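**Q** The structure follows.
The values are calculated or read from the model by the stated rules, or taken from the named source; none is laboratory data. Since we're looking at a predicted model, the values are computed, not measured. Here Cβ is always computed from backbone atoms with ideal geometry, including for glycine, and neighbour counts include all displayed protein chains.
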Amino acid sequence: MSSSNQLNEARRAWMASHVDDTQYPTPESQEGLALYLDSDAPLVHYASNKTSNIELTVYEVDCHPLTIRYARVVAMAWPEAQRGLIIEYLTQLDQDPEGLAKLFLGYVDQVPTVTAMVYGNETAYIITDLFGEHDLAKQAMYLHLQQSDSRTCLNAPQ
């Protein structure tokens, strides 16, 4: 298994732990986790030599209000009938005490527009969970994260 696949499997386990390791998970959060894992997209790849003219303000998700905003942007990728379940699940996420997983929320014109996750170890990382309606915002987020991390991005174009 490649290093990026290993990190992705570890990321999926970390995401599942927020429901699986809870003593009394809600049925809604269990359903949301199942929806999230069933639709897990492949690792994100953007050409790193492209630039974006979008003014993106990026915040690391480090408090519950940002977690809620993060969940609402991600949930837009699901059909409306499933969005509540995704939000219920994602609002259960907590900061990774080991620092392997970091969630990010990007704003354009003071509106939460794009999300991403960086999951990695001391030498390498992957960028996943890049959600948003606009490709330019996703490209800007990807570039911001890639340029602000000195480790090796395993899902960067070669």
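**Q** With respect to R83, determine if the residue is at pLDDT 95 or above, of a type in the set (K, R) and within 13 Å of the chain's Cα centre (by Cα).
**A** So R83 does not fit the description; no.
**Q** Quick one: what pairs do we get from the stretch 76-103, first residue free of Cβ contacts under 8 Å to residues at least 40 places away in the same chain, second surrounded by fewer than 19 Cβ atoms within 10 Å (Cβ to Cβ), C-beta under 8 Å, 6+ apart or different chains?
**A** R83/M76; T91/H64; T91/I68; Q95/D62
**Q** Report every pair of residues separated by at least 6 positions or lying on different chains whose Cβ atoms are under 9 Å apart, first residue within the stretch 6-31 and assigned to a helix (DSSP H, G or I), second of a type in the set (G, A, S) and exposed (fewer than 12 other Cβ atoms within 10 Å of the Cβ).
**A** From residues that are assigned to a helix (DSSP H, G or I), the pairs are D20/A13.
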